[in-house]
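FYI, it's all coordinate maths here, none of it is from the lab. Not measured: the values here are computed from a predicted model. Don't worry about glycine lacking a Cβ; one is built from the backbone with ideal geometry, like all the others, and counts go over all protein chains shown.
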Amino acid sequence: MNRIVGFVLVIAAAAAATSALATAQQPPAGPGGGQGRGAGGGRGGPIVPPVAFEDRTGFESMFDGKSLTPGATARAEARKAAAKAAEEAKAAAAAGQPAAGGRGRGGFGGGPQPSVFQDWDGDPKFWRVENGVIVGESTPDKTVGPNTFLIWKGGTPGDFELKVEIKMNSTNSGIQYRSKMLPPNDGQPEGTPGHAWRLGGYQMDLDFDNRYPGQLYEEAGRGFLAERGTITYISRDGTKGQIGSLENADVLKALFKPGEWNQFHLIARGNTLIHIVNGHVTAVCVDDDVKGRAMAGLIGFQLHAGPPMKLEIRNVAIKLL
């Protein structure tokens, strides 16, 4: 996507965020100079109707509500069944009995491998499924350090939309996207143990203290890229600058509900990144830093180092563009 197209998307996002204010400032329609168009003189509602967060047209579920590894489990069971069938066929042949009818079935029944689209990989010490919800939890006896992630195994998308509902009870978290794996001990003091579930890259930030929800941060990278309520541009040489504003940061802060379920909607399209929390655009970034940016990568959820915390995730779905 070129820069012109990126800026068009930025303008569209900013317009959407301020549309309610603009509508409120319009004079009433009707005889004598209203804004009316068409029969009856009124607009008859929004020109572009809103799309509810619950609308999942074109989206695919990333979690089956039962397991973090449904695909891997199905593959293991298929391999086990195939091995058992091979042993039975071998025993039948040794006894001079005819083999069971049908063609050879192979490791996966002669068909495609079970999909891992809904599979996730994370430290089992912290991540589990409970009552149809993904739960990440640290305790005084099970501490996180460094930050650990639940990583989606279904692909490394570039252009996509993601919708998810999240609830947390403490500290800090985030939605990683277009990210990469980090070495276990990357950035750690010498002798400090690391782990295999580390990510670096774009992050849709959130925290219980309500300082960061919806802003754009780059984990293990360029740091803060777009604060809440801002539209930013990052030039080819990596220089960051704010080029516009969305709703007031205090207004956006009041929309986030600590300790309750909140709706997160993320759009990554070319070099343009849009974050939406509870139906309001919170941050937009046009990233032209060819050296620093990423155009595709892993998706994950963060469990942050520090005090004990519980993160709950439900209704996570993706639309691949």
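Roughly how many debye, to the nearest 20, is the charge dipole of segment 266-316 about its Cα centre, given +1 on each Lys and Arg Cβ, -1 on each Asp and Glu Cβ, and no other charges?
140
Counting 0.36 nm for each residue step from Asp159 to Lys291 and taking away their Cα separation leaves a gain of 45.7 nm. Across segment 229-306, Cα pairs under 8 Å and at least six residues apart give a relative contact order of 32 percent. Kirkwood-type hydrodynamic radius, segment 209-260: 12.1 Å, calculated from all non-identical alpha-carbon pairs. Using every pair of separate Cα atoms, the Kirkwood estimate puts the hydrodynamic radius of segment 258-321 at 14.3 angstrom. If the segment from Ala249 to Gln188 were pulled out straight at 0.36 nm per residue, it would be longer than the present Cα-Cα gap by 18.6 nm.
At a Förster radius of 22 Å, what calculated FRET efficiency corresponds to the Cβ-Cβ distance of Glu77 and Arg128, to the nearest 0.05?
For Glu77 and Arg128, the calculated efficiency is 0.60.
Fully extending the segment from Arg211 to Lys310, taken as 0.36 nm per residue of separation minus the present Cα-Cα distance, adds 33.8 nm. Placing unit charges on the Cβ atoms only, positive for Lys and Arg and negative for Asp and Glu, gives segment 157-246 a dipole magnitude near 120 debye about its Cα centre.
Annotation: lysines with alpha-carbon distance below 21 angstrom to Lys80 (same-chain offsets under eight excluded): Lys90. The GluC sites (Glu not before Pro) of segment 222-321 that DSSP puts in a loop, and whose beta carbon has at most 14 other beta carbons within 10 Å, are Glu260.
Distant-in-sequence amide contacts of Gly229, defined by a placed amide H-H separation under 5 Å and a gap of 5 or more residues or a different chain, comprise Ala283. Sequentially through segment 222-238, phi angles give Karplus couplings (6.51, -1.76, 1.60; θ = phi - 60°) of 8, x, 6, 10, 7, 6, 4, x, 10, 10, 10, 10, 10, 6, 4, 8, x Hz, Gly and Pro residues having no value and appearing as x. Each of the peptides 58-70, 182-194 was scored by the mean count of other Cβ atoms within 10 Å over its residues; in descending order, highest first, they stand as 58-70, 182-194. The 3J(HN,Hα) values that the Karplus relation (6.51, -1.76, 1.60; θ = phi - 60°) gives for segment 79-87 are, in residue order, 5, 5, 5, 5, 5, 5, 5, 5, 5 Hz. Gly and Pro appear as x.
Dividing the convex hull volume of the alpha carbon atoms of segment 162-225 by its residue count gives 115 Å³ per residue.
An ellipsoid equivalent to segment 212-321, defined through the eigenvalues of its Cα gyration tensor, has semi-axes of 23, 17, 15 Å when rounded to whole angstrom and sorted largest first. Placing +1 on each Lys and Arg Cβ and -1 on each Asp and Glu Cβ, with no other charges, gives segment 213-321 a dipole about its Cα centre of roughly 200 debye.
When each of the peptides 240-246, 281-287, 133-139 is scored by how many other beta carbons lie within 10 Å of its residues on average, the order from highest to lowest is 281-287, 133-139, 240-246.
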